[in-house]
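Scroll down for the structure; my scribbles are underneath it.
The values are calculated or read from the model by the stated rules, or taken from the named source; none is laboratory data. The model shown is predicted, which means the values in this text are computed figures rather than measured ones. No Cβ is skipped: glycine too gets one built from the backbone with ideal geometry, and neighbour counts run over all protein chains shown. When the accessible area is computed, the model is the full protein with side chains, heavy atoms only, and any ligands, DNA or RNA have been set aside. Shrake-Rupley method; radii C 1.70, N 1.55, O 1.52, S 1.80 Å.
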Amino acid sequence: SSFTTDKPEVCLADPIRFTDAGNPMGGITNQWFWTMDDGGTNNTAAFNYTYSVAGTYNVSLYTVNSFGCRSTTYTAPVTIHPYPVVNAGPDRLVLEGGQITLNPSVSGNDLSFLWTPNQYFSGSNAVQNPVVLGVDDITYTLAVTARGGCVTTDQVFVKVLKKPDVPNIFSPNGDGVHD
């Protein structure tokens, strides 16, 4: 016996499609005995299955055909990847013309980072801790991709503290204009 999956690895809470691909040896397969390696079982030729905990599972299948013959047991692994944990951090303040470094809290495997929109960065927006210039108020979305293509996003607001307009002329003559 053997089986196929629509994908060998998925992100947690995404279903995998399992399909019997065995040879019924001259008969017709009429019984399926799947063991999902997490306590779950199934008795149909094809089905979707969703794991609730990340990890690698050794899925097994044996079948029985219309002559009562039992197949060998076929086992193959499937991997369920966790989503990364992402906190873009508290809202931040930056002085106009100044700069700050964003400092998100993230965890996961093989992480990559993308901050959007790609505005007001001093350097790359594809790093964990980008430097942001104090140009204008903006909300950034941080997308973190972990092993298996699992993506988690979070947002942070950057408020720019504008410099006050200071008049550049004074005429202290008591007329109330430019005093």
How large a share of the accessible area of segment 61-168, in percent, is made up of carbon and sulfur atoms when the probe is 1.4 Å and the other protein chains stay in place?
52 percent
Cα-derived Rg to Rh of segment 1-77, Kirkwood definition:
0.99
With label points built 7 Å along Cα→Cβ from the Cα atoms of Gln99 and Cys69, find their separation and express it in nm.
7.3 nm
With a 1.4 Å probe and every protein chain left in place, work out the accessible area per residue of the chain in Å², rounded to a whole number.
57 Å²
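Using R₀ = 35 Å, calculate the FRET efficiency as 1/(1 + (r/R₀)^6) where r is the Cβ-Cβ separation of Asn87 and Ser52; round to 0.05.
Computed FRET efficiency for Asn87 and Ser52: 0.90.
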What ³J(HN,Hα) values, in whole Hz, does the Karplus curve 6.51 cos²θ - 1.76 cosθ + 1.60 give for segment 46-53 when θ = phi - 60°, with x put for Gly and Pro?
8, 6, 9, 9, 10, 8, 9, 9
Contact order normalised by residue count of the chain, Cα under 8 Å, 6+ apart, percent:
18 percent
In sequence order, calculated HN-Hα J values of segment 148-164 (Karplus, 6.51, -1.76, 1.60; Hz; x Gly/Pro):
x, x, 7, 10, 10, 10, 8, 10, 9, 9, 10, 9, 9, 8, 6, 6, x
Dipole axis of segment 36-179 (+1 Lys, Arg; -1 Asp, Glu on Cβ), positive-most option in Gln155, Tyr83, Val127
Tyr83
Can you sort Met36, Met25 by 1.4 Å-probe accessible area, starting with the largest?
Met25, Met36
Simple Cβ-charge dipole of segment 1-66, Lys/Arg +1 and Asp/Glu -1, about Cα centre, in debye nearest 20
140 debye
For segment 17-104, what is the relative contact order in percent, using Cα pairs closer than 8 Å and at least 6 residues apart in sequence?
25 percent
Ranked from the most accessible area to the least, with a 1.4 Å probe and all protein chains present, what is the order of Trp32, Trp115?
Trp32, Trp115
If you bin the C-alpha pair distances of the chain every 5 Å from 0, what whole percents do you get?
1, 8, 13, 12, 8, 8, 7, 7, 7, 6, 5, 4, 3, 3, 2, 1, 1, 1, 1, 1, 1, 0, 0
If you plug each phi of segment 79-96 into the Karplus form 6.51 cos²θ - 1.76 cosθ + 1.60 with θ = phi - 60°, what whole-Hz ³J(HN,Hα) values come out, in order, with x for Gly and Pro?
10, 10, 8, x, 6, x, 9, 9, 9, 5, x, x, 4, 10, 10, 9, 6, 4
Mind putting a number on the dipole of the chain about its Cα centre? Charges go on the C-beta only, +1 for Lys and Arg and -1 for Asp and Glu, and I need it in Debye to the nearest 20.
640 debye
Taking 0.36 nm per residue of separation between Thr153 and Val127 and subtracting their Cα-Cα distance, the length gained on full extension comes to 7.9 nm
